[in-house]
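Only the coordinates and a few stated rules stand behind these numbers; no lab work does. Everything quoted here is computed from the prediction, not taken from an experiment. Every residue, glycine as well, gets a Cβ built from its backbone with ideal geometry; the counts of neighbours run over all protein chains shown.
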Ligand code: ADP
């Protein structure tokens, strides 16, 4: 007889219901990938994974057809806020959606009003715990993601001694982006009477911030790549929590994110002109011709096409790209940057377009269809991130035979194999987040691309790597299994 292993996976966004960034990709894919694990991996366990996200007004719930299953009361100081729980299914994945005034009143998933977001996610986290208390399905594992839901772990932990239904629940928080700790939400926590963390290993300032509170309370912390888990122990990446991470090393690990290889497959991609695989790489040429033409780049098809598709944010080093391109002006290349975000960076991109007319194009918008076309057309992907917990773009680029030139940090280190003069890898890595370091590697890649058999080998290496969720989902299952077996000892 198999024993069931029940996991409640909570997040602020999950594709295809609602997606803002990389977290939405993960929360959309990982629960399903866990359910798809073969019995050779899950052995004596029957995994029962369920997803729980806020029922934002903007959610695309059509595919779910949700039914209301519960009314709940969430304690807010001395009064209560009411919550409604809906349930539906995405394929074979049960999904809970939680509705309530703090969620209804916000048009977007995240806002610039940190207090409002604090109230929204405090309410959601507490409502998810009420669902566990009142519903007839109890998880063995509560798996939270980032600051928005880390609070649920903190609150579960603080009630575990008194609340019977919480006693045997183990907790995991996956860390997608450490610098976003939930600053500005303190007033909302006071309003909901959420007690601060009492952990002496946390610096004082961190004891009232949702993410550190959850990290401290969780049984396990998972960073989204093994290398990022190591970097968290250092002053450069630890955001002043490095001492806390060092003291908690035994509960910290890293599991790389997978890629949704159904959506991101150049052989079946519906957005691109010419489908191709690693055996028919010449198909990329047609896509390149189309992209150059549509975006008024006037250089020859032979001039390597460099791209970046990213939030325009300090983290991503967009400024580094612009300066590096200036430094390599005398070489043969053309480039397209697609992205939106920080207005200063958007402006700086537009300024470079004026410096390099017909050679550099800045497309300031969010355009998924265009992103597919660019990955399929381009030769080189520029990714000089200042930090990169995992990174998705480099995985997509490699799957499309578009070779990353990236900083050797976080998940980029774990997913890109360095190319040496006589040894083709899957990309090019450099150490420092500076225009000089990126420019130097770009020049090396522009030289390597002239050697066609060598470059084709790099492309084939990149395209043949398995970036699917299978391996990572198995690693998460293993963690769940360890926690459940520890609990049952
Ligand atoms: P992030 O830190 O933003 O999550 P990732 O590299 O992990 O960075 O994931 C970024 C994802 O968002 C990729 O799928 C990338 O193609 C997509 N993306 C970023 N900016 C844009 C844009 N302007 N238009 C379309 N897709 C974009």
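When restricted to residues that are touching a strand residue (DSSP E or B) at 6+ places or on another chain (Cβ under 6 Å) and not in a helix (DSSP H, G or I), the range 4-35 contains 9. Might you check whether a residue that is away from the ligand (no atom under 11 Å from the Cβ), at positive phi and surrounded by 14 or more Cβ atoms within 10 Å (Cβ to Cβ) occurs anywhere in the range 316-328? Among the residues of the range 316-328, at least one is away from the ligand (no atom under 11 Å from the Cβ), at positive phi and surrounded by 14 or more Cβ atoms within 10 Å (Cβ to Cβ), which makes the answer yes.
Screening residue 44 with (1) within 16 Å of the ligand (Cβ to nearest atom); (2) surrounded by fewer than 15 Cβ atoms within 10 Å (Cβ to Cβ) gives one miss only, at (1).
Name the residue that is farthest from the ligand (Cβ to nearest atom), counting only residues in the range 378-392 that are in contact with a strand residue (DSSP E or B) (Cβ under 6 Å, 6 or more places away or on another chain) and outside any strand (DSSP E or B).
Step by step, filter the range 378-392, then rank; the result is 379.
Tell me yes or no: at least one residue of the range 293-304 is within 16 Å of the ligand (Cβ to nearest atom) and loosely packed, with under 14 Cβ neighbours inside 10 Å. For the range 293-304, residues within 16 Å of the ligand (Cβ to nearest atom) and loosely packed, with under 14 Cβ neighbours inside 10 Å: present. Every condition in (1) more than 16 Å from the ligand (Cβ to nearest atom); (2) in contact with a strand residue (DSSP E or B) (Cβ under 6 Å, 6 or more places away or on another chain) is met by residue 104 except one, and the failing one is (2).
If a residue must be more than 16 Å from the ligand (Cβ to nearest atom), crowded, with 23+ Cβ neighbours inside 10 Å and closer than 18 Å to residue 170 by Cβ, how many such residues does the range 1-41 contain?
Within the range 1-41, residues that are more than 16 Å from the ligand (Cβ to nearest atom), crowded, with 23+ Cβ neighbours inside 10 Å and closer than 18 Å to residue 170 by Cβ number 6.
In the range 354-367 there is no residue that is touching a residue at least 60 places away in the same chain (Cβ under 8 Å), within 12 Å of the ligand (Cβ to nearest atom) and surrounded by 21 or more Cβ atoms within 10 Å (Cβ to Cβ). Just one of the listed residues (73, 46) is part of a strand (DSSP E or B) and within 29 Å of residue 189 (Cα to Cα), namely 73.
Residues considered: 187, 206, 218. Of these, the only one that is crowded, with 24+ Cβ neighbours inside 10 Å and in contact (Cβ under 8 Å) with a residue 12 or more places away in the chain is 218. Filter the range 393-440 for residues that are away from the ligand (no atom under 16 Å from the Cβ) and part of a helix (DSSP H, G or I); which is surrounded by the most Cβ atoms within 10 Å (Cβ to Cβ)? Restricting to residues being away from the ligand (no atom under 16 Å from the Cβ) and part of a helix (DSSP H, G or I), the top hit is 438. Counting the residues of the range 268-288 that are more than 23 Å from the chain's Cα centre (by Cα) and surrounded by 14 or more Cβ atoms within 10 Å (Cβ to Cβ) gives 13. Scanning the range 106-129 for residues that are over 20 Å from residue 66 (Cβ atoms), assigned to a loop (DSSP other than H, G, I, E, B) and in contact with a helix residue (DSSP H, G or I) (Cβ under 8 Å, 6 or more places away or on another chain) yields 110, 111.
Among the residues making up the range 441-489, those that are assigned to a loop (DSSP other than H, G, I, E, B) and either within 19 Å of the chain's Cα centre (by Cα) or more than 19 Å from residue 381 (Cα to Cα) (or both) are 466, 467, 468, 469, 488, 489.
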